[in-house]
Structures are given as C-alpha cells and as structure tokens.
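Take a look at the structure below.
Each reported figure results from applying straightforward, stated rules to the coordinates on display, with no laboratory input. Small disclaimer: the values here were computed from a predicted structure and weren't measured. Virtual Cβ from ideal backbone geometry, glycine too; neighbours counted across all protein chains shown.
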Amino acid sequence: MALDVVTRSPGGDATNILGGIADVLENKPVRAHRASIDHLGDLAGVWLYQDDKQIKQVTYREEPGESSYTVTIRAL
C-alpha cells in the first residue's frame, strides 16, 4: 500500500509525523508491546492494516495553512 501525507503546520519533523500516522493506522495488538496506546482514545480500536511493513511507498508534503493533515491510502 501507499501512504500519501500532506501536513499544514508551522513545520515539523517529517519522520516523527509519518511514524506516528503509521502507528495509529496499524493493528494495535501487534505493536502494543512497544508503547502504551491509551493516549489514542477511540483511535486505539481503529486500524487499516496488520503491520506497517505493508506500506511500500510514502509521499510527504508540507503546505502553509492552519494546523491539519490529510492522509490518503492507496493500494499498489
């Protein structure tokens, strides 16, 4: 799968942003041993793939604007 991310913010650390998004979308029981996921609230029960190793392509772009982000997931 491919992950396309557009962030709008004053600037950030691309690798931390991408890693955080990948972790949130992953099946949490697979990664629960790595860190607590309580801070995710309702997102702790949401997942789109079993393991973030399934991501084979990533695009990342920063744009000016109010803080937000858009994530698009595509099948390859």
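How do Lys28, Lys56 line up, fewest other C-beta atoms within 10 Å first?
Lys56, Lys28
For Tyr49, nonlocal amide neighbours, meaning residues 5 or more places apart or on other chains whose placed amide H falls under 5 Å from its own, are Asn27. Summary of packing: across the peptides 59-68, 16-25, 46-55, the per-residue average of other C-beta atoms within 10 Å ranks them, highest first, as 16-25, 46-55, 59-68. In the stretch 3-76, Cα pairs under 8 Å separated by at least six residues give a relative contact order of 60 percent. Computed from backbone phi, the HN-Hα couplings of the stretch 63-72 come to 10, x, x, 5, 4, 5, 8, 10, 10, 10 Hz, rounded to whole numbers (Karplus: 6.51 cos²θ - 1.76 cosθ + 1.60, θ = phi - 60°; Gly and Pro given as x).
For the chain, the equivalent ellipsoid derived from the alpha-carbon gyration tensor has semi-axes of 22, 16, 10 Å in decreasing order.
Across the options Thr70, Pro29, Val46, the greatest Cα extent toward the positive end of the charge dipole of the chain (unit charges at beta carbon of Lys, Arg, Asp, Glu) belongs to Pro29. For the chain, a crude dipole built from +1 on the beta carbon of Lys and Arg and -1 on the beta carbon of Asp and Glu, taken about the Cα centre, is about 280 debye to the nearest 20. Across the stretch 44-51, rounded Karplus estimates of 3J(HN,Hα) from the backbone phi angles (6.51 cos²θ - 1.76 cosθ + 1.60, θ = phi - 60°) give 4, x, 10, 8, 10, 8, 5, 8 Hz, Gly and Pro being marked x.
Here the sum of -39500 (n - 2.57) over DSSP H runs of 4 or more residues, divided by the residues of the chain, equals -5500 deg cm²/dmol at 222 nm, to the nearest 500.
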